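To start, the structure under review is shown below, and the notes come after it.
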């Protein structure tokens, strides 16, 4: 298990490797020219910002802002996902 402090000291490449190995995909949103993917890692959430026109990862950062995290949950349709 990785801590927030450990994660913040890692390089972009190391953070990406953590997401690939240990991240649980949680959702996506679009902001301007970026597609922002949300992952759960250990006990925190991480956003990976991709400049979609050239498919380049720009940032991988811990996200703690509840109003931003709510943007992902607002897109979930439980009835559809559960087949109700």
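Six or more apart or on different chains, Cβ atoms under 8 Å: show the pairs whose first residue is in region 46-62 and without any contact (Cβ under 8 Å) to a residue 12 or more places away in the chain and whose second is assigned to a strand (DSSP E or B) and surrounded by 13 or more Cβ atoms within 10 Å (Cβ to Cβ).
Hits for this filter: 56/50.
Given 2, 18, which one is without any contact (Cβ under 8 Å) to a residue 60 or more places away in the chain, more than 19 Å from residue 65 (Cβ to Cβ) and surrounded by 18 or more Cβ atoms within 10 Å (Cβ to Cβ)?
18
Coordinate-derived values only; no laboratory data. Predicted, not measured: the structure shown is a model, and the values here were computed from it. Reconstructed Cβ throughout: ideal geometry from the backbone, glycine too, with neighbour counts over all protein chains shown.
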